Every structure is written in structure tokens, then in C-alpha cells.
Amino acid sequence: MLSVPIERLLEPVPETAPAVADQDLGLQARLAAGRNLDLETVDLLRQKLDITRVIDRRLGASALLGELRAQIDQMEQAKRHVLNQSVRSSLAEVIVDASALAGWQSLDQGFVSESWDHYDTAQTAAREARSPALEAYACAGQAVVLLDIGEVAAAVELTEYARSIAKGKVPSLLLSWLTAGYGEACAASREHQKCMRAFDEALRIMPADIDNSETPYLVFDSTHLARWRGSALARLGAREAIDVLSEVLNKLDPTFARAETALRVDLVQVFTATGGKDEATAHAKRARLLATQIRSERQRKRLTSLLASG
């Protein structure tokens, strides 16, 4: 009936090699890709992130955040299948940097919950990289989110924790930055003396010659420290903030568009508090233009609130 001899039909079925399940093959492929990811590739990812950081401070986050989200997701997916621990640790360091930058960009765009999550990702990656410096950096960034939503006591606590895990283990430039962050939190909690002591300490800690080779993710020097101090004084309603911020405005690199926006909003705050209506109006006009230019929802919101209360 089948046109096949009966002997052929009754032959035993030959044994065949078991087929590899699709999911097994997929995992093998991802592990193979993980083996192809070396330190040179990680360095290329770091260079790409450095370019993103420069564009961010010049043009703002609106055009970059989506791309940065995708880059972080790609790196996290890749890290899960990297078996070389040295490469894995280096990749985790880049993820910290990228996630902290995304956290800052998200906060600036008004995406507060997303910002929190990015900083949380950064902390987790920092622990995998076994880097107290990067963990402290991520914690201090996340504290700014707490300040923005009014969780001042929690922000003070988190900046204190960041400093505690950093002392004796991180470059002096980063410790200076962390101490200034603690000073900002103290200003928000209306602790004037603690705030000023923190900024004095940050200035003492700051190295005379800035070398950020160990902290490429950090753009910080005496000018930025003075800007931060002036911002804290403005938050406290201290008139001396005017001189501090005005001097910084003359020194600030004009490519730091977001920094200038924040600085001018700080000047609006202190001039409003001290009765300098004309000066507040002039700085508000420039701040509004810059905030619109870089699409900073955070600074637009601050400015609107100050003008409404003034």
C-alpha cells in the first residue's frame, strides 16, 4: 500500500541527536555576545556617554533622554550575560554614570518618579561595581529628588549617609561635592549654621588643582561650589547670596546653559525676598528664556512659583 518493502517499514528508527531548545539556543547566543563585550567596548560606551553629558549641559535633556534610556537598557541587558568579572564591573560603572545622568535629566524634565528609579538603578550598579565613590555619588543625586518633593529630613539623612560611606575612600574632589550636597540639604531644612559649615568644609577639602580623571562623571570646581553656596544662601533668604551669585554669573562658562538657568532663578528668589523687584524681573526674563530653550520643566516650575509668591 505504501510502495515500501515490509522490511523497510519494520526497521528500527535511527537515533538522532536531541534538538537544542530554542530558549537554550537563545541563552547561548546571549552568552556568546557577552564574551564579545570587552574592556575596549566598555570604553567606547563610556566615551559615548561623555559626549551625551556635554550636549546635555549645553542644549538640555529633552533631545537626549530617550536615547539615554535605550543605552542604559542595552547595557543592563548585556551585563546579565557577561561572565568576565572585570568587564562586568567596568560595565556596571558606566551604568552608574549613565543612570545618574538620566536621573538628573528626568528630574529636570519633571519626571520625578522616573528620576528616582534611575538613581536607584545607579546605586544597585555601584554596589555590583564595589565602588563606594559611585554609590555615594548616586545617593547624593537621589537626595535632590527628595528635596524637590519636600522630603527634606530624608534628604539630609541620605546626604549624611553618602558622606559616611565616602570618607577615606573617595577622591577629595568628590568628597567636596558630597559635602556641598549635604550643605544644600541643610539649607532646605533651615539649618543655617550647619549649612555654612558644610560649604566651608567643602572649600577646604577641594584640591587646589582640579583633576577629575578619577571622577569623569563630575564637573565641579570652585566656581560651581560658589554657585551652589549662593543657591543655598538664596534658599535661606540671605542677602549675601546676591553678591555670591552675581560674581559666579560673571565667571560661569556660557556653555553651561542649565547651570545659568538655575543660577538666575536663585537670583530671582533672593531679589524677591529682599525687595529687588526690578532685578528679579530682569533675571526672571532671562531665566524664562533659558528654561524654555533647554526645556527645563524643573526650572520653569520653580520660576513660576517664585513669581506667584512675589
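Read-outs throughout are calculated quantities, based only on the coordinates presented, and are distinct from any laboratory measurement. Everything numeric here is computed off the predicted structure, so don't read it as measured data. Here the Cβ is made from the backbone with ideal geometry for all residues, glycine too, and neighbour counts use every protein chain on show.
Each distinct pair of alpha carbons in region 63-156 adds a 1/r term; the inverse of their mean, the Kirkwood radius, is 13.3 Å. Peptides 265-276, 144-155, 22-33 ranked from most to least packed by the mean count of surrounding Cβ atoms within 10 Å: 265-276, 144-155, 22-33. Note on Asp120/Ala32: beta-carbon distance plugged into 1/(1 + (r/R0)^6) with R0 of 51 Å gives a FRET efficiency of 0.95.
Here is the P(r) of region 232-310: all C-alpha pair distances, binned every 5 Å from 0, give 3, 18, 30, 27, 17, 5, 0 in whole percents. Mean separation of Cα pairs under 8 Å and 6 or more residues apart, divided by the residue count, gives the chain a relative contact order of 14 percent.
Our note on the geometry: Cα centres of region 237-291 and region 48-81, 30 Å apart.
Only helical runs count toward this figure. For the chain, summing -39,500 (n - 2.57) over DSSP H runs of n ≥ 4 and dividing by all residues gives -25000 deg cm²/dmol at 222 nm.
With all pairs of different C-alpha atoms in the average, the Kirkwood value for the hydrodynamic radius of region 127-277 is 15.7 Å.
With 0.36 nm allotted per residue and the present C-alpha distance subtracted, the Gln85-Gln193 stretch has 34.3 nm of extension available.
In sequence order, region 26-40 has phi-based couplings of x, 5, 4, 5, 5, 5, 5, 5, x, 5, 7, 8, 10, 5, 5 Hz under the Karplus curve 6.51 cos²θ - 1.76 cosθ + 1.60, θ = phi - 60°, and Gly or Pro positions carry x. Shown in residue order for region 234-241 are the 3J(HN,Hα) couplings computed by the Karplus curve 6.51 cos²θ - 1.76 cosθ + 1.60 at θ = phi - 60°: 5, 4, 7, x, 7, 4, 5, 4 Hz (x for Gly and Pro). Semi-axis lengths, largest first, of the ellipsoid equivalent to region 251-295 are 19, 11, 7 Å, with √(5λ) applied to each eigenvalue of the Cα gyration tensor. Going out from 0 in 10 Å bins, what whole percent of all Cα-Cα distances in the chain drops into each bin? The calculated distribution, bin by bin, is 6, 23, 31, 18, 8, 4, 3, 2, 2, 2, 0. Most tightly packed first, judged by the mean number of other beta-carbon atoms within 10 Å of their residues, the peptides 255-263, 239-247, 280-288 read 255-263, 280-288, 239-247.
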